[in-house]
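J.: The structure that follows is given in the form of structure tokens.
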Amino acid sequence: MKTTLKRGVGRSADGNGRPVLPPATVSAITRYQQPQPSEPTGLALFRRILIGTLLVIGALSIGIAGGVYLYFHQSVASVRAHSSDVKIAQKALNVSLPGQPAIALALGYDQRAGSEYSTVSRSDTIMLIRADPATKTISLLSFPRDLIVPIYCKSGFVAHDRINSAYARCGATGSLETVKQLTGLPINYLITLNFHGFKEIVDDLGGVWMDIDRRYYNHNIGTAATDYSDINLQPGYQRLGGTKALEFVRFRHTDSDFYRLARQQSFVRALKQQIANNFSPLELPKLVSTITKNIEVGAASHFSDTTVLQYALLAATLPGGHFFQVRLDNVTGYSELDASASTIKQAIEEFSNPDVRSSKAANASALGEKLKTPKQKAPPVGDTTVTVLNGNGVAGSAANASYLLAQRGYVTVLPPANLQPNAPVQNYFHTVVYYDPKVSVAKAAAVALQKLLQPADVKALPDDPALHALDPGSMLLVIVGQTFHNELTAPTVPTVKIPARQAPSVFKDPTVGAELLAPYKKKVPFVLENPTVLASNSYPDHLGRDEPIRYYWITKEHKAIRMVFQIGGNQYWGIEETDWMDAPVLGDRSFRHSLNGREFEFFYTGTHLHMIALNANGATYWVVNTLLDSLSNETMIAIAKGLRPVPRGK
């Protein structure tokens, strides 16, 4: 069809674009003009400025957000495995499943000349870190570097040697294979960090606030007594730069590797406290970038931006009492250490099953209170429907588990539409018991069933179409993992022993603290508290000519006092007094209790009371346990209750 625009169809055209009539008379032209704008009122002018400002801010926000994302994305990209050592090692890692606990192996190392096996030194830090987004817990398990274990490389068993020699023999792959063989745990991430990177992280963060338990000093002048790294640290809560922090976490020359492990775990805890204390969604990308630019992370699958943010958010929002530091007990030896299989197994169980209720139970025991544990009664097994899926890739596992549960009286139901009982993925490690959140008794039923499938995790059934397609509507959906070995476990599996209540190990002597505090009671702007009750066999610590009490500026605006007491060997506990009420460590409180009319805050690490703080007189007073938490919970409470105000005098 010919168009009017092209062919000129109209009363003065013949359809071929040529005029056939003279133009019609031109009509009068009407001119339209916008009225003159009136003078803007104050309100109208304010609206225009406001709208313009919002538009500018909006445009800037979009630009900033885009820049932040690009900056963060580049930071995460740079942390992914890039060295040949980590690229090779990450091939032996296990894939991390969404919503499931993840375990990382952290290796700290130093590059030194003249190593025994290569130019790469032995690993100085070997630490497992477990993060569970479901229970919002983080647990740590460190291995003494002199622990004698079977060393494995990619080719298999190599020798029995110190665990830190695995890194020198076979690099990161050696450490990874050795720890996997030792623990039997799936490891999802490999984190490597050299000491230069450690210092840069701490410095870029502006330092890390840490509690230093005692005076540390050494100046290496080449004698046998001083032939180790320099260190010069005063006791008390303080901000450490990178060099000082590294000196602290590496020190072990006057105690042992167990104290060094405790210092390393204390650093991780302090870092977590600082992240939580200064948490801001806008600052999170910068924080992540500060950390990631100095480490290298290996992963079995793609290490995404989302993954990094999820773990950063978990650390930043971790509730008090949800951070667990696990240690190997009953280790024998000195230069070479040995741990029994049962000792290692117990540590692994505590590490893999952090019980957030344990600190509450331990606290109730120490206070002589009865712990209230309201429980919902599980329905009879005959009223509990269960569908079992295979999640470990072993043929017949689901059928065997289903049969065993049916023998116990559970009602087992197959997936609908003749679907095979296989989970969407086949790399579950722990068995998972999913419950229908719409059924009121389903969670209690899942907890009861969990005891027969240990180690197992209890979770609400997620909104996953692939899982829902396999669910016929059962109350419970079980996915058997690699830890299921065709048999049910005992009805209960205790993993954490709650300390039995005991009498505090203390003695009363108000003169010791009074003499230490007397010179300082007029130098601080707050009332000092005298520890009239002390731990048994403890005494003020003297190192050389240093006093067992330190008076210092903890910040530019606040002063502090630190008293240090020794209890034999290399164990030190202390009391910190300050009017700085916003210290990062105070944000990690587990519980708050009123004792004898005064308010105390309790800070637990698992079942151990590491710190108890009295808030009074516009100040805060902390009783701090030893690095190894050797003072009992009852002893810590008795010392705190014995704090008494010191009259300021004239």
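No lab work stands behind these numbers, since they all come straight from the coordinates. All of these numbers come straight from a predicted model, not from anything done at the bench. Cβ coordinates were reconstructed from backbone atoms using ideal geometry, including for glycine residues, and neighbour counts include every protein chain displayed.
J.: Along Cα→Cβ, 7 Å out, is where each label goes; now give me the distance between the ones at Y217 and R644 in nm to one decimal.
T.: Placing both labels 7 Å along Cα→Cβ, they lie 3.3 nm apart.
J.: Here's a follow-up. I need to check one value: relative contact order of the stretch 506-645, counting alpha carbon pairs closer than 8 Å and at least 6 residues apart, in percent. Write out the running numbers ahead of the final one.
T.: Details: 270 pairs, mean separation 33.3, N = 140.
The normalised contact order for the stretch 506-645 reaches 24 percent.
J.: Moving on. Sorted by mean Cβ packing within 10 Å, highest first, what order do the peptides 472-478, 128-134 take? Walk me through the numbers before you get to the answer.
T.: On the way: 472-478: 22.6, 128-134: 19.0.
Order by mean packing, descending: 472-478, 128-134.
J.: Calculate the FRET efficiency for E515 and D204 from the Cβ-Cβ distance with a Förster distance of 35 Å, rounded to the nearest 0.05. Intermediate results must be reported in sequence, preceding the final value.
T.: Details: r = 43 Å, r/R0 = 1.23.
Result of the calculation: an efficiency of 0.20.
J.: How much length would be gained if the chain were fully extended between S335 and A469, taking 0.36 nm per residue of separation minus their Cα-Cα distance, in nm to one decimal? It would help to have the intermediate numbers written out before the result.
T.: Details: separation 134, 0.36 × 134 = 48.24 nm, distance 5.74 nm.
Roughly 42.5 nm would be gained on extension.
J.: Rounded to the nearest 5, what % of the DSSP beta bridges within the stretch 381-480 are antiparallel ones?
T.: Numbers: 4 of 17 bridges.
Restricted to the stretch 381-480, the bridges split so that about 25 percent are antiparallel.
J.: From the cross-link list K360/K443; K360/K559; K360/K451; K345/K459, which pairs have alpha carbons spaced over 27 Å apart? Don't jump to the answer; show the numbers that get you there.
T.: Working: K360/K443 21 Å; K360/K559 33 Å; K360/K451 21 Å; K345/K459 25 Å.
Going by Cα-Cα distance, K360/K559 fall outside the 27 Å limit.
J.: For a test of the definition: using alpha carbon positions, the gyration tensor, and the 1.5 limit on a/c, classify the stretch 332-395 as rounded, prolate or oblate. Write out the running numbers ahead of the final one.
T.: Numbers: a/c = 4.09, a/b = 1.21, b/c = 3.39.
Note, shape of the stretch 332-395 comes out oblate.
J.: Quick one: of K244/K508; K91/K199; K272/K521, which pairs are farther than 32 Å apart, Cα to Cα? Let's see the in-between values first.
T.: Numbers: K244/K508 36 Å; K91/K199 29 Å; K272/K521 34 Å.
Flagged as over cut-off: K244/K508; K272/K521.
J.: Still on this model: Between Y539 and V394, what is the label-point separation in nm under the 7 Å Cα-to-beta-carbon projection?
T.: Result: 5.9 nm between the two label points.
J.: Let me ask you something else. By how many nm would the segment from V411 to Q502 grow when fully extended, if each residue of separation counts as 0.36 nm and the alpha-carbon distance is taken off?
T.: Separation in residues times 0.36 nm, less the Cα-Cα distance, equals 28.1 nm.
J.: Order 417-427, 622-632 from most to least packed using the mean count of other Cβ atoms within 10 Å.
T.: On the way: 417-427: 13.9, 622-632: 22.5.
Packing order, densest peptide first, comes out as 622-632, 417-427.
J.: Give me log10 I(q)/I(0) at q = 0.13, 0.28, 0.29 Å⁻¹ for the stretch 141-204, Debye formula, one equal scatterer per alpha-carbon, no solvent.
T.: Those come out to -0.39, -1.22, -1.27, one per q.
J.: May I pose another question? State whether the stretch 381-480 is rounded, prolate or oblate according to the following rule on the C-alpha gyration tensor (a ≥ b ≥ c being the square roots of its eigenvalues): a/c under 1.5 gives rounded; otherwise a/b larger than b/c gives prolate, and the remaining case gives oblate. Walk me through the numbers before you get to the answer.
T.: Values: a/c = 1.26, a/b = 1.14, b/c = 1.10.
Rounded is the answer for the stretch 381-480, as its axis ratio a/c remains below 1.5.
J.: Right, here's the next one. Scaled to the compact-protein estimate 2.2 N^0.38 Å, what is the alpha-carbon radius of gyration of the stretch 506-645, rounded to two decimal places? Before the final figure, lay out each step's value.
T.: Details: Rg = 14.1 Å, N = 140, 2.2 N^0.38 = 14.4 Å.
Its radius of gyration relative to the 2.2 N^0.38 Å reference: 0.98.
J.: Sort 604-611, 447-454, 148-155, 502-509 by the packing proxy (mean of other Cβ within 10 Å over each peptide's residues), most packed first. Display every interim value, and only then the final one.
T.: Working: 604-611: 23.8, 447-454: 20.1, 148-155: 17.4, 502-509: 13.9.
Ranking the peptides 604-611, 447-454, 148-155, 502-509 by packing returns 604-611, 447-454, 148-155, 502-509.
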